[in-house]
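Worksheet for the structure shown next.
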């Protein structure tokens, strides 16, 4: 197991790693909740300034997506895109039955819907693409 110092050297603050992974989990949950019908769903990261459209990101990931699901489907496409606000206040952890920081704003996101799939390349907008595998 890497030491804390190794993590910081490679990735920065260990808490940042946890939070960043949390955004990926949140993205996967969002995409799974938005998919129309029963489909395989993947949330792929999109860079703010140096990224193609989500349609292109999903298309470029086709081989990897289909391999992940043992080629149970034939096609891959984007169906939604959204932006997770990554800089947010850190709330006090829940302490047993209390809700500290109750009523305070924490996480936020913006849904682009299917229009996010064609959001202009190399331009800020969605930071996650929702891709689905289908027949």
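Computed extension length for residue 105-residue 48: 18.2 nm, one decimal, from 0.36 nm per residue of separation with the Cα-Cα distance subtracted. Rounded, prolate or oblate: pick one for segment 87-135, where a ≥ b ≥ c are the square roots of the eigenvalues of its C-alpha gyration tensor, a/c under 1.5 means rounded, and failing that, prolate if a/b is larger than b/c, else oblate. Judged from the Cα gyration tensor, segment 87-135 comes out prolate (a/c at least 1.5, a/b above b/c). State whether segment 37-103 is rounded, prolate or oblate according to the following rule on the C-alpha gyration tensor (a ≥ b ≥ c being the square roots of its eigenvalues): a/c under 1.5 gives rounded; otherwise a/b larger than b/c gives prolate, and the remaining case gives oblate. Prolate, because a/c is 1.5 or more and a/b exceeds b/c. Taking a cut-off of 17 Å, what percent of all Cα-Cα pairs in segment 15-127 are separated by more than that? Taking all Cα-Cα pairs of segment 15-127, the fraction more than 17 Å apart is 61 percent. Would you mind checking the tilt of helix 14-34 against the longest principal axis of the Cα atoms of the chain, expressed as 0 to 90 degrees and rounded to 10? Taking the Cα atoms of the chain, the angle to 14-34 is about 40 degrees.
Peptide packing: for 60-73, 93-106, 41-54, 118-131, the average count of neighbouring Cβ atoms within 10 Å per residue gives the ranking 118-131, 41-54, 60-73, 93-106, highest mean first. May I ask you to derive the relative contact order of the chain, considering only C-alpha pairs under 8 Å and at least 6 residues apart, and to give it as an integer percent? Reported as a whole number, the value is 35 percent. A convex hull fitted around the alpha carbon atoms of segment 22-74 yields 97 Å³ per residue.
Given R0 = 22 Å, the distance between the Cβ atoms of residue 59 and residue 28 translates into a calculated FRET efficiency of 0.70.
Where a number appears in this text, it was derived from the coordinates with a stated rule and is not lab data. Remember, predicted model here, so these are calculated numbers, not experimental data. With ideal geometry, Cβ positions are generated from the backbone for all residues, glycine too; neighbour counts draw on all protein chains shown.
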